[in-house]
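Please read the structure below before turning to the comments.
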Amino acid sequence: MSEVFRTFLVRGIWALLSFVVIVSQARSDERELDTSPKPMNPRPDAANLRIGSPAPVLVAKHWFGKEAISGWEKDRVYVVDFWATWCGPCIASMPHLNDLGQKYRKKGLEVVAISTKDPDNTLEAVTAFVNEHQAKYQIRFCFSESTESWKSFMIAAKQQGIPCSFVIDRKGQIAFIGHPIELDVVLPLVLEDKWTLETAENYRFARSGLNELAGKVARNPRTALESLEEMAKRFPPIVSVESYRYYQIVCLLKTKQLDRAQAAIQASIPEAIEQKNLEWMLTMASMLMDRTTNPERQHADYAVEIAEQTLRINDREPSIQIEVAEILFEAGQQKRGLELGQKALDHATGISKVMIQLRQKKMQKKANPTPKPIP
């Protein structure tokens, strides 16, 4: 199993299980992020905020660069994202939220990022972050000195981790509550007024199914494939989710449906090229070359084609070079693979250089095995 294949699998499963940071009120003296669980027990009398509920009023004293939102306009759809300066995944989600805001701006989408005061998330810290990043983010940032919005949104919805996004539809009702990574699937339906309570329930069914699929794929890929097909039947847009496509391709490979697997991979590559998603491209190529998923390495020529495409997008990154080198090597292009591996080694530094050297030596050993001594 290649390094990028293994990394992609771990990241994918982690994202599916719970791509959140548990809200914490304590950090170390070195100011490092504390991700240990810090449960926030909802008050027994807290309102029950759910899909279809009227959206609460957003209460924030400080607004940066743009006017405050006093109410939910009927011709707009809103994403209200809760975040903090100490939350790594929150910061990592900002470019994605910004991209969504720009993509759907003409359709009436407004992205609001609200941060609530706590001992490690002060007005000064939020102001510094906004001043540094506001020029590149078309997001409406705000800061709340009180916990009023935190209680009316997060606690009322029984949410315990951030980042957490609330989608508010044109009726001023809650349409979705969850991680911003899920907005790619949800927002188009909300903006087209196709998101209903039934749609939301079907999405929940499909998303829950994906969360539970990892073990099933390993134990019984045929049953897992049937589960995937049922998810797609209940909620067709789920087929565009990267983790769905990943599991589908793994199951097809494991059940020896190699032509279908190759077709599914091929269908995903144009989007990956457009988005410069090299990790996905190399994962797909590696899966075709991995003997645990494709023992006879059928369609190896297509794996090489994908690998070549990644180099055309980025031929200077050592981690990409060594991955492509291994694919070429395993596909029979040993000389070129070793040359590219050496190029990766020459450009690498630090711990990356050490790891690439080990992988290069492994290829060299395969190319020139030590002769067995004659008895």
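Readers should treat all values here as calculations from the given coordinates under stated rules, not as data from a laboratory. No experiment lies behind these values; they were computed from the predicted model shown. Don't worry about glycine lacking a Cβ; one is built from the backbone with ideal geometry, like all the others, and counts go over all protein chains shown.
Couple of notes before you dig in:
- In region 100-122, the condition of being loosely packed, with under 14 Cβ neighbours inside 10 Å, part of a loop (DSSP other than H, G, I, E, B) and in contact (Cβ under 8 Å) with a residue 40 or more places away in the chain is met by at least one residue.
- Candidate set: region 183-217, residues that are among the charged types (D, E, K, R) and surrounded by fewer than 18 Cβ atoms within 10 Å (Cβ to Cβ); chosen: the one farthest from ASN98 (Cα to Cα): GLU212
- Residues of region 143-174 satisfying the condition of being assigned to a loop (DSSP other than H, G, I, E, B), over 23 Å from THR85 (Cβ atoms) and of a type outside the set (Lys, Arg): ALA156, ASP169, GLY172
- Qualifying residues in region 260-318 (those that are among the hydroxyl-bearing types (Ser, Thr, Tyr) and in contact (Cβ under 8 Å) with a residue 40 or more places away in the chain) - the one nearest to HIS96 (Cα to Cα): THR283
- Checking each residue in region 326-339 for being crowded, with 18+ Cβ neighbours inside 10 Å and outside any helix (DSSP H, G or I) picks out only ALA331.
- Some residue of region 223-236 being crowded, with 18+ Cβ neighbours inside 10 Å and either of a type in the set (Val, Ile, Thr) or under 22 Å from GLU279 (Cα atoms) (or both): no
- Every residue from region 335-352 that is farther than 11 Å from ALA325 by Cβ and in contact (Cβ under 8 Å) with a residue 12 or more places away in the chain: HIS347, ALA348, SER352
- With respect to being touching an Asp or Glu at 6+ places or on another chain (Cβ under 9 Å), over 30 Å from SER70 (Cβ atoms) and either free of Cβ contacts under 8 Å to residues at least 24 places away in the same chain or part of a loop (DSSP other than H, G, I, E, B) (or both), SER208 falls outside the description.
- Counted residues, region 340-368 - those being charged (D, E, K, R) and surrounded by 14 or more Cβ atoms within 10 Å (Cβ to Cβ): 3
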